[in-house]
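J.: Structure provided below as structure tokens; questions to follow.
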Amino acid sequence: MPKSIDCDIHPALASVKELIPFLDPYWREMEESRGTNALYMSSYPPAMPLSAGLGWKTGDPLPGADVEAVRRQVLDVGGCDAAICNLLSGAAMVANPYYAAALCRAMNDWLAETWLAQDRRFRGSLVVSINNVPAAVEEIERRAGDYRFVQVLLYLGGETPLGRMQFWPIYEAAEKADFTIGIHPGTAYRHAPTPTGWPSFRAEDYANIPSAFESQLMSLISEGVFQKFPKLRVVLLESGVTWLPVFMWRYAKLWRGTRRETPWLDRSPEEIIRQQVFASLAPVDAADPARGIEQLCEAAGSDGMWLYASDHPHWQFDDPDPFRGLSSSLREKFATENPCSAYPRIARILNV
């Protein structure tokens, strides 16, 4: 069995110029004529203190841009046998669907050559744009035979809830190729990020993330995604997690009173979540993370849903050991057993 699988690290693309060699001639010319200098997401500005912590700053243009530094900090010092690279980029949010697809394809090729080829312990998430579903499906199929990629990365904020049928071809392609769907905070801000309108401060936006995860999870369940794709696995990345047990109880209670609206649901939302939904444990919204995680398992009725993640290089905790105080059995569960259940492609290549 591997020692540890880190389910969420963030390599950085320092400059759009790095993508030029991976674009076809037409888009290479278009990119050069447009002069795009960055693909940062405004929902995660690189200069924000959250973007780097625990001595993980390396003096690069962006935290996480130095492959060797990340290899040393996550894989060697961190003792991980595998780390899943989730590349956060505005490419997937571009409104032009053709440009978005070209950028996403180039970023996946860049990640494969610049990171995954440098160390077999790195694993990748495919960046796709939900503004171009056919191209997203094509990208999933193109990389289906490359088991270095284990996940399809979608962003939390959008114009339409992720459970809607227009996105089902993505889930169908992912299920067929054993890709996991990862949902990560990020938005193009085409709509207000809170249900009550536009906030004034970044802190309000960031604190609202759990409610957005609730909305997307409700959409996936209510629309019948997990019934249509029974082998599909969904991972909630950087959601805060401690909200989930209360959400499970409340949504199941309300579903029982309104279940005639969704006759296709063959089991309670709580059961669906325990069987097909996972969540990364960074950050843990609890004053005492170890105690909070124990309470989380008890309240959710499961210790099989939670995944170890450092969230490198983001600053989510001060203690180098975020699981200090947890039993060795829970540590192994979160770092090895659960990730292998959540990511069948990573389990296959690690032979576990």
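The values are calculated or read from the model by the stated rules, or taken from the named source; none is laboratory data. Source: prediction; values computed, not measured. Glycine gets a Cβ as well: all are built from the backbone with ideal geometry, and neighbour counts include every protein chain shown. Note: accessible area is taken over every heavy atom of the protein model, side chains too, but ligands, DNA and RNA are not part of it. Shrake-Rupley method; radii C 1.70, N 1.55, O 1.52, S 1.80 Å.
Residues are listed down the side, and each one gets a yes or a no for (1) open to solvent by less than 20 Å² (accessible area, probe 1.4 Å); (2) of a type in the set (Val, Ile, Thr); (3) within 18 Å of the chain's Cα centre (by Cα):
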| residue | (1), (2), (3) |
| --- | --- |
| Leu103 | yes, no, no |
| Thr114 | no, yes, no |
| Phe122 | yes, no, yes |
| Val127 | yes, yes, yes |
| Tyr155 | yes, no, yes |
| Pro161 | no, no, yes |
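J.: If you go through region 263-298, how many residues are of a type in the set (S, T, N, Q) and at pLDDT below 95?
T.: Taking region 263-298 as the starting set, the residues that turn out to be of a type in the set (S, T, N, Q) are 268, 275-276, 280, 295.
Narrowing the set further to residues that are at pLDDT below 95 leaves 295.
Adding up the residues that qualify gives 1.
J.: In region 285-306, what residues are of a type in the set (A, V, I, L, M, F, W, C) and assigned to a loop (DSSP other than H, G, I, E, B)? I'd like the intermediate steps shown before the answer.
T.: So the first thing to find is which residues in region 285-306 are of a type in the set (A, V, I, L, M, F, W, C), and the list is 286-287, 290, 293, 296-297, 299-300, 305-306.
Scanning region 285-306 gives Ala286, Ala287, Met305.
J.: If you check Arg123, Arg190, which single one turns out to be in a strand (DSSP E or B) and either more than 25 Å from Glu271 (Cβ to Cβ) or out of contact with any Cys (no Cβ under 7 Å at 6 or more places or on another chain) (or both)?
T.: Working: Arg190 fails: in a strand (DSSP E or B).
Exactly one of Arg123, Arg190 is in a strand (DSSP E or B) and either more than 25 Å from Glu271 (Cβ to Cβ) or out of contact with any Cys (no Cβ under 7 Å at 6 or more places or on another chain) (or both), namely Arg123.
J.: In addition: Taking the condition of being in a helix (DSSP H, G or I) and open to solvent by less than 90 Å² (accessible area, probe 1.4 Å), how many residues in region 231-273 meet it? Write out each step before concluding.
T.: Applying the first criterion (in a helix (DSSP H, G or I)) to region 231-273 yields 244-261, 269-273.
Remaining after also requiring open to solvent by less than 90 Å² (accessible area, probe 1.4 Å): 244-245, 247-248, 251-252, 254-255, 257-258, 269-273.
So the answer is 15.
J.: Go through region 35-54 and give me each residue that's open to solvent by 40 Å² or more (accessible area, probe 1.4 Å) and touching a Gly at 6+ places or on another chain (Cβ under 8 Å). Full working, then the answer.
T.: Let us first name the residues in region 35-54 that are open to solvent by 40 Å² or more (accessible area, probe 1.4 Å), namely 35-37, 40, 42, 45-47, 49, 54.
Hits for region 35-54 are Tyr40, Ser42.
Rundown of residues vs (1) crowded, with 18+ Cβ neighbours inside 10 Å; (2) over 17 Å from the mean Cα position of the chain (by Cα), yes/no style:
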{"position": "Phe179", "(1), (2)": "yes, no"}
{"position": "Gly182", "(1), (2)": "yes, no"}
{"position": "Gly186", "(1), (2)": "yes, no"}
{"position": "Asp205", "(1), (2)": "yes, yes"}
{"position": "Ser211", "(1), (2)": "no, no"}
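J.: Return yes when Arg345 is farther than 24 Å from Pro49 by Cα, open to solvent by less than 10 Å² (accessible area, probe 1.4 Å) and among the charged types (D, E, K, R) and no when it is not. Talk me through it step by step, then tell me what you get.
T.: Numbers: farther than 24 Å from Pro49 by Cα: yes; open to solvent by less than 10 Å² (accessible area, probe 1.4 Å): yes; among the charged types (D, E, K, R): yes.
Here the answer is yes, as Arg345 does meet what is asked.
J.: Here's something else I'd like to know. When you check Ile140 against the structure, is it assigned to a helix (DSSP H, G or I) and at pLDDT 95 or above, yes or no?
T.: Details: assigned to a helix (DSSP H, G or I): yes; at pLDDT 95 or above: yes.
For Ile140, the condition - assigned to a helix (DSSP H, G or I) and at pLDDT 95 or above - is met.
J.: With the checklist (1) assigned to a loop (DSSP other than H, G, I, E, B); (2) β-branched (Val, Ile, Thr); (3) within 21 Å of Tyr44 (Cβ to Cβ) in hand, flag the one item Thr160 doesn't pass.
T.: (3)
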